[in-house]
Amino acid sequence: MTQTDQTGVPAPGTAPRGTAARLADLAERTRAAEVAEQGAADKQHARGKKTARERVEALLDPGSFTELDALVRHRSTNFGLDKKRIPGDGVVTGYGTVDGRPVCVYSQDFTVFGGSLGEVHGQKITKVMDLALRTGVPLVGISDGGGARIQEGVAGLTQFAEIFRRNVAASGVIPQISLILGPSAGGAVYSPALTDFIVMADGTSNMFITGPDVIRAVTGEDVGFEELGGATTHSTRSGVAHYMASDEDDAIDYVRSLLSYLPQNNLTDAPSFPHEAPLEVTEEDEELDAIVPDSDNQPYDMRAVVEHVLDDGVLLEIQPLYAQNVLIGFGHVEGQPVGIVANQPMAMAGTLDINAAEKAARFVRTCDAFNIPVLTFVDVPGFLPGTDQEWNGIIRRGAKLIYAYAEATVPLVTVITRKAYGGAYIVMGSKQLGADVNLAWPTAQIAVMGAGGAVNILQRGALKGVAEAGGDVEAERRRLTAEYEEAIVNPWDAADRGYVDAVIAPSQTRSEITRALRLLRTKRASLPPKKHGNIPL
């Protein structure tokens, strides 16, 4: 009988000779790994969580997973690790398909050394990352681990740098998606941060650099895991997460949906389906003619405008709980994927603040990297005023949105539905920043500022004279405001100067966008040769 070590794996130098014996040896090694996995399954299920392998199988098409390096084990002998050498070393890696399209994946196993990253564990991850980059397929990383494997010291720690370097090399080349389905602490959080999208599960996942115990010891601040780095925190306050799932199944379904909008790599087209849209105005289109309220100060849901334009009204929203004054997400127009950026009047009147600018800028750059057209819907009264915004760097951080639009070479179509004031109008996909087609509704107000503010500045002397003469200042203010609105706060001056290409009825929006995107499928644009730009980070 073959001698085995403590984990049930045949001991070195004891493997039998001969083909039949070697096949039996393989079966025994496989069985040992399966026994270890069953123990892992029981532990995870007791926590209400899937195992690393179950997560991979739920993500990929049934029967499509091919595992890599299932039998590798760590080589460390420190702190008794030589007596616990588990096959796979705490991470499942390999490749399969999602909706028939190849994807590489790795999934950390929390039941093996707490999912911690050691030398071999890290080498397995970098190996599958290299495979994804070499073959030009998306990479999905499933995190459920406590950071570096302390017992292995610097040998494991350096693997973080190897992973980070590959994240950066793959950025903008292949889609990278991180699924956080457990803890992700210390250096481990930076790999997800370097990927395109992060999905977290409510109640079971958390991310932080330093944990509650260290924070309490150093600063005296008392904070729990969920408050510090749970899914709610990162989906609503920090903006680290792009989606907060209700559970693991929801998280995995979201990733599958996300992949359906993304290409395999930056040199291929995103998946599409035949869907020729009618160009005639429909009854549903006509609903947009009444969506903008008569009062400038009354909000409306920009999401409804977006859904009227997209195929079947389906919008996959990104970061729906963060910086809600700007709306971003994916949809289809005539079966072709598009990215959506839209001011949301329902939140903060649609003003742009630091968080909204960075949220939109990041998304525009993601779409541009993967050749996905961007549709921009504008109703923005300006940048959010206040010392908090100024002192926290809205000048520098707001400039990121300018940078994102100005460097984008994908098709850009912009629709101004109502307010488009000042610098905020410029940064939201304006013609001068490089948009290909700019449309405006008759309700559009394209100006340096709103009529009320402009009158207070321009007519300050006249209003003061009325007051000194004992006249009705408010009546005169209303008259001057109406006069300014008629002359300036409208789409006609911008159309007269060619800053918008057409003023259209809201009901024509879907058909005009469709026409524009048909034309722009053959768009060719390039930037001056350079090593890279210097975005104001």
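Can you say whether A15 is more than 16 Å from V92 (Cα to Cα) and either surrounded by fewer than 18 Cβ atoms within 10 Å (Cβ to Cβ) or modelled with pLDDT of 85 or more (or both), as far as the supplied structure shows? Before the answer, list the steps.
Values: more than 16 Å from V92 (Cα to Cα): yes; either surrounded by fewer than 18 Cβ atoms within 10 Å (Cβ to Cβ) or modelled with pLDDT of 85 or more (or both): yes.
Yes: the conditions hold for A15.
Here are some residues: V415, V455. Which one is in a strand (DSSP E or B) and either without any contact (Cβ under 8 Å) to a residue 40 or more places away in the chain or buried (at least 18 other Cβ atoms within 10 Å of the Cβ) (or both)? Talk me through it step by step, then tell me what you get.
Working: V455 fails: in a strand (DSSP E or B).
Among V415, V455, only V415 is in a strand (DSSP E or B) and either without any contact (Cβ under 8 Å) to a residue 40 or more places away in the chain or buried (at least 18 other Cβ atoms within 10 Å of the Cβ) (or both).
I535 versus (1) assigned to a loop (DSSP other than H, G, I, E, B); (2) over 23 Å from A447 (Cα atoms); (3) touching a strand residue (DSSP E or B) at 6+ places or on another chain (Cβ under 8 Å): which is the lone unmet condition?
Answer for I535: the failing condition is (3).
Quick test for you: out of D247, D253, D269, D222, pick the one residue that is within 18 Å of the chain's Cα centre (by Cα), more than 24 Å from H121 (Cβ to Cβ) and charged (D, E, K, R). I'd like the intermediate steps shown before the answer.
Working: D247 fails: within 18 Å of the chain's Cα centre (by Cα); D269 fails: within 18 Å of the chain's Cα centre (by Cα); D222 fails: within 18 Å of the chain's Cα centre (by Cα).
Checking each option against the conditions leaves just D253.
Here is a yes/no grid of residues against (1) free of Cβ contacts under 8 Å to residues at least 40 places away in the same chain; (2) surrounded by 13 or more Cβ atoms within 10 Å (Cβ to Cβ); (3) assigned by TED's automatic domain parsing to the domain that holds Q445:
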{"site": "V223", "(1), (2), (3)": "yes, yes, no"}
{"site": "E248", "(1), (2), (3)": "no, yes, no"}
{"site": "V255", "(1), (2), (3)": "no, yes, no"}
{"site": "I291", "(1), (2), (3)": "no, yes, yes"}
{"site": "Q319", "(1), (2), (3)": "no, yes, yes"}
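From S238, S205, S171, grab the single residue that is in the same structural domain as L117 (by TED's automatic domain parsing), crowded, with 19+ Cβ neighbours inside 10 Å and within 29 Å of A361 (Cβ to Cβ).
Values: S238 fails: crowded, with 19+ Cβ neighbours inside 10 Å; S171 fails: crowded, with 19+ Cβ neighbours inside 10 Å.
Selected residue: S205, the only one of S238, S205, S171 that is in the same structural domain as L117 (by TED's automatic domain parsing), crowded, with 19+ Cβ neighbours inside 10 Å and within 29 Å of A361 (Cβ to Cβ).
Would a scan of region 470-481 turn up a residue that is within 41 Å of the chain's Cα centre (by Cα), closer than 25 Å to T351 by Cβ and among the hydroxyl-bearing types (S, T, Y)? Steps first, answer last, please.
Within region 470-481, the subset within 41 Å of the chain's Cα centre (by Cα) is none.
The answer is no, given that none of the residues of region 470-481 is within 41 Å of the chain's Cα centre (by Cα), closer than 25 Å to T351 by Cβ and among the hydroxyl-bearing types (S, T, Y).
Can you say whether A467 is hydrophobic (A, V, I, L, M, F, W, C), without any contact (Cβ under 8 Å) to a residue 24 or more places away in the chain, farther than 16 Å from G422 by Cα and in a helix (DSSP H, G or I), as far as the supplied structure shows? Write out each step before concluding.
On the way: hydrophobic (A, V, I, L, M, F, W, C): yes; without any contact (Cβ under 8 Å) to a residue 24 or more places away in the chain: yes; farther than 16 Å from G422 by Cα: yes; in a helix (DSSP H, G or I): yes.
In short, yes.
Given the structure, is A525 closer than 19 Å to S430 by Cα and assigned by TED's automatic domain parsing to the domain that holds D289?
On the way: closer than 19 Å to S430 by Cα: yes; assigned by TED's automatic domain parsing to the domain that holds D289: no.
So A525 does not fit the description; no.
Which one is nearest to T414 (Cα to Cα) among residues in region 379-403 that are assigned to a helix (DSSP H, G or I) and in contact with a Phe, Trp or Tyr (Cβ under 9 Å, 6 or more places away or on another chain)?
Start the filter on region 379-403 by keeping residues that are assigned to a helix (DSSP H, G or I), which leaves 387-391, 394-403.
Those left that are additionally in contact with a Phe, Trp or Tyr (Cβ under 9 Å, 6 or more places away or on another chain): 389, 394, 398.
Numbers: Q389: 26, I394: 23, G398: 19 Å.
Checking each candidate, the answer is G398.
Conditions tested, residue by residue: (1) at pLDDT below 75; (2) not charged (D, E, K, R).
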| residue | (1), (2) |
| --- | --- |
| P10 | yes, yes |
| R75 | yes, no |
| R85 | yes, no |
| G90 | no, yes |
| S107 | no, yes |
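The values are calculated or read from the model by the stated rules, or taken from the named source; none is laboratory data. Because the structure is predicted, anything quoted here is derived from the model rather than measured. Because the Cβ atoms are built from the backbone with ideal geometry, glycine has one as well, and the counts that use them run over all protein chains shown.
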